[in-house]
Structures are given as C-alpha cells and as structure tokens.
Amino acid sequence: MTTVKTLLGLPGLRLRPWAGADLLDRPVTRIYVTELPDPGRYLSAGELVLSGLLWWRRPGDAEPFVAALARAGAAALAASGADSGGIPADVVDACERHRIPLLEVPADLSFSVITEQVVLALAAASDSARKRLQAAADAPVETLLERASAELGLPCWVLSGLGRVIAGTAPLPLPAEDVVRRYAARKSGPLTVVPVEGRHAVPWLIAAGGPLSTAQAELAEELAGLIGVTRARAIPAEAELPGEARVVALRTEGSDESRDVLRELLPDGLLLESTGDTSYAATTHLPSTVELSTVEPLLRSARILCGVSDPAPRAEAWETARYAVGVAARRPGRVVVVPAAEVAAHQLLLAGAPDGLRAALRRRVLGPLLAYDAEQHTDLVHTVRVFLECSGSPTRAAKALHVHVNTLRYRIGRAGELLGADLTEFTDQLDVYLALRMEE
C-alpha cells in the first residue's frame with residue numbers, strides 16, 4: 001500500500017510536510033492536478049492533490065479549496081509556492097483545520113516528474129500487493145480478507161447473497177441484507193461491492209468500505225477470484241444433530257437452485273435429499289424469511305417456497321415439512337415460508353397417509369355424491385364443503401353461496417341422503433370434511 005509517508009521517501013521528489021504530520025499513514029490511490037478554486041466535483045477519496053496554488057489570491061481563498069479536499073477524502077495536498085511567494089499561511093491554517101496533510105513541492109521540481117514518480121510508485125505497490133495476496137491463496141477466507149484490507153487501506157467484508165456476514169475486518173456500517181439488495185438493484189451505496197467468482201446459485205459478495213481506484217479495483221478482483229477458489233474447495237461438514245430436529249423443505253420453482261440455497265441458508269444443517277427444485281435438510285435452526293427475500297432477486301427461480309416442521313423425530317418432521325411446502329405453493333407471493341404452526345392438525349394427518357389410501361377413503365365416503373354431481377351436472381360437493389367450513393351454519397353458508405337459506409337446507413339434506421350421513425352431527429361432519437380435504 002502506498003501512503004503519504006511513502007511519497008516522502010521517493011528519491012528526487014524532496015517533498016516536505018508542512019501540516020498534518022500525524023496523518024502521513026493515509027493511503028494514496030491516485031494523483032490529481034488542479035488549479036480550480038473549488039475542485040470538489042472532480043475529486044475522489046485517497047487522491048494526492050497536486051497544485052501550484054494559482055487559485056489563491058488573498059486570505060480566505062484556501063477555505064473552500066481545502067474544505068473540498070476534506071469532503072472528498074483526499075489523502076494529501078502537495079503544493080508549490082513558486083508562483084505565490086511560498087505557501088501562504090492561509091493554506092497551512094486551512095489544512096491544519098480540516099486535517100489534510102500538506103506537502104511542500106520544491107520550486108524547481110516539475111509537476112510531470114512528480115506525477116511520473118507517484119504513478120510508478122502506485123503501480124509497483126499494486127503489483128506487490130497482488131503478489132502478497134496470491135501468496136496467501138491457500139489461507140482461509142478470514143486471512144485473505146485481512147490481507148486485502150491491509151493492502152487496500154479499507155475495511156472489507158465477505159457477504160452471502162442471503163444477507164449473512166461470512167467474514168469481516170470491522171463492524172458492517174449497515175445491515176448486510178441492505179448491501180445485497182442494493183447490489184441486486186444495481187444501486188450505488190457507501191460500499192463498493194464486487195461479486196466473488198464461482199458457479200453458485202447463491203453468490204458471495206466482497207464489500208469494501210469506500211470507493212476504489214483502478215489499482216484497488218484490480219486487487220479486489222484478485223481477491224474475488226481467490227475467495228471463489230476457497231469457497232469451491234470447502235467441503236460442508238457433516239452436522240451433528242440431536243434425535244429431534246426441524247426439517248426444512250425448500251423449493252425453487254422453475255430452477256434447480258434449491259440445494260445451493262438450502263446449503264447456504266443452513267450452513268450447520270444436514271442435507272437429507274435433493275431432487276432439483278426441492279431439497280430437504282435437518283437443522284436445529286429456524287430459517288429467516290428476510291434471508292430468502294434478500295436472495296430472491298439474485299436467483300433464476302420464479303418463486304422460493306419453504307416449509308418448516310417443528311422439532312420432531314426425523315420421519316415425522318419430514319412429512320410435516322413436505323406438506324408445509326405444498327401449502328406454501330398454494331399461497332401467493334414470490335417468497336413464501338410456512339411453519340408447522342400454520343398447518344392444521346388434520347392436514348398433517350392427511351399428509352402422512354399414503355396417496356392410495358387417501359384416494360380410497362375419498363371414494364368410499366364421497367362416492368355417491370361425486371357420482372350424483374357427475375350425472376346431474378350439479379355441485380353438491382362444493383355446497384357441502386362450504387357448509388362445513390361455515391361450521392355447519394345454514395345462514396352463513398347460504399350467504400357465502402349467494403342462495404336462499406331454504407335452498408341451502410334442501411341441498412344439504414339431499415347430500416346427506418346420498419352419503420347416508422347426518423350432516424348436522426359432528427362425527428359425520430368430520431368424516432365427510434376429511435374426505436373432502438383428501439384431494440389435497
């Protein structure tokens with residue numbers, strides 16, 4: 001990394017600090033020459049600003065110039081007093097006040113020489129930084145990130161596309177999911193984000209704590225490649241789970257990304273099965289809807305559906321999660337999570353029954369009614385279902401079906417005759433309702 005102090009040691013430049021002697025460790029990313037009274041719109045963080053002070057005419061002129069440097073995060077001001085009778089005290093005071101290192105350029109030194117020397121120093125530092133980073137290629141992500149952060153002079157983080165901080169060299173200044181959402185929407189922000197290389201459904205991102213120069217961006221790309229290799233090399237550890245665990249069923253509609261999403265969502269989980277668009281994993285943790293909503297824009301999948309069981313023995317939890325993800329598929333929304341608590345007990349009982357048994361029971365209980373509807377082109381099956389879902393209230397059911405209550409009573413009576421059941425009795429209602437729900 002090239003710092004202001006590095007430039008003071010370059011042979012032949014003979015730069016001398018006039019202000020900010022305690023700030024010489026600031027990293028320098030590029031050089032910019034200007035004689036504008038207020039160069040703010042053209043400045044970038046980390047720049048060495050080189051000026052002949054032609055903009056200075058009287059005391060007070062230094063304030064807007066130096067303030068602009070401070071706002072942009074300039075590394076230092078290198079000034080020549082050859083045309084102003086030396087560096088004015090006004091400039092020195094402004095640099096002290098705004099904490100901008102001030103370097104005096106010898107009057108006999110050409111700006112072209114300074115620019116050439118600084119550019120060469122930055123290029124050499126960049127090449128050395130890449131070599132030092134490559135030397136740590138086999139190191140863990142945390143070590144790679146620490147090395148890169150030191151070379152860039154900026155805090156850095158590796159984030160999962162699910163909004164999880166995988167590693168970082170400082171506290172993240174904003175929620176990780178916000179960083180991912182800005183990246184997905186291609187919106188700029190206070191951090192520079194670079195995608196980690198690799199073919200994964202859920203991407204990893206490198207975030208740097210500020211804008212990057214060309215050399216810094218090249219180093220970040222190098223880091224992205226190294227972390228991509230490290231990620232691909234990592235083998236998920238076999239989870240140690242208790243006898244009872246949650247099972248999470250995750251479906252990515254229209255894509256085969258479910259396995260990658262589930263592995264990233266539950267890094268400590270145990271993958272049980274994957275069939276392309278649907279995967280199952282056992283875990284002790286509860287997945288976050290926020291995480292799935294964060295990664296959804298980065299996937300090819302049309303929707304993300306998730307069913308979650310309560311902690312239970314593996315086979316029981318599996319059936320609960322399988323049914324819950326089926327419930328999620330019937331709900332609207334691009335990201336739908338259905339926990340077991342939102343699935344009724346009778347639905348779970350039906351979900352555990354084999355398909356053949358459910359079909360046989362449906363035919364045995366509802367057969368005469370289904371046959372009557374087919375022959376007479378009626379829909380008594382629907383009438384019975386609405387009646388039972390209205391808790392057996394003729395008034396509520398008639399209102400829901402937009403018919404007179406007497407018409408409703410007649411239809412329910414006729415359905416009861418066909419079924420050989422009293423649809424005003426709870427046990428008969430229960431048998432018929434379960435048979436109606438078996439088609440699901």
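Structure notes:
- Among residues that are in contact (Cβ under 8 Å) with a residue 24 or more places away in the chain and under 14 Å from A19 (Cβ atoms), A68 is not included.
- Residue list for region 10-26, filter: open to solvent by 60 Å² or more (accessible area, probe 1.4 Å) and out of contact with any Cys (no Cβ under 8 Å at 6 or more places or on another chain): P11, R14, R16, A21, D22, D25, R26
- Number of the condition not met by L272 [criteria: (1) touching a strand residue (DSSP E or B) at 6+ places or on another chain (Cβ under 8 Å); (2) closer than 26 Å to P140 by Cβ; (3) open to solvent by 40 Å² or more (accessible area, probe 1.4 Å)]: (2)
- The set of residues from region 168-221 being over 12 Å from the mean Cα position of the chain (by Cα), part of a helix (DSSP H, G or I) and surrounded by fewer than 17 Cβ atoms within 10 Å (Cβ to Cβ) comprises T214, A217, E218, E221.
- The set of residues from region 27-58 being over 17 Å from E104 (Cα atoms) and either crowded, with 17+ Cβ neighbours inside 10 Å or not charged (D, E, K, R) (or both) comprises P27, T29, R30, L36, P37, P39, G40, Y42, L43, S44, A45, G46.
- Qualifying residue in region 257-267 (condition: modelled with pLDDT of 90 or more, surrounded by 20 or more Cβ atoms within 10 Å (Cβ to Cβ) and of a type in the set (S, T, Y)): yes
- The condition of being in contact with a Leu (Cβ under 7 Å, 6 or more places away or on another chain), part of a helix (DSSP H, G or I) and within 30 Å of L219 (Cα to Cα) holds for only one of A68, A78, that being A68.
- Any hit, region 231-241, residues being among the β-branched types (V, I, T) and open to solvent by 20 Å² or more (accessible area, probe 1.4 Å): yes
- Just so you know, in region 361-386 the residues that are within 14 Å of L434 (Cβ to Cβ) and open to solvent by 60 Å² or more (accessible area, probe 1.4 Å) include one that is nearest to the chain's Cα centre (by Cα), and it is R363.
- Residue that is hydrophobic (A, V, I, L, M, F, W, C), modelled with pLDDT of 90 or more and either open to solvent by 40 Å² or more (accessible area, probe 1.4 Å) or within 23 Å of I166 (Cβ to Cβ) (or both), where the choices are V290, V337, V325: V337
The values are calculated or read from the model by the stated rules, or taken from the named source; none is laboratory data. Here the structure is a predicted model, which is why all the values come from computation and not from measurement. Positions of Cβ are backbone-derived with ideal geometry, glycine not excepted, and every protein chain shown enters the neighbour counts. Accessible surface areas use protein heavy atoms only, side chains included; no ligands, DNA or RNA. Shrake-Rupley method; radii C 1.70, N 1.55, O 1.52, S 1.80 Å.
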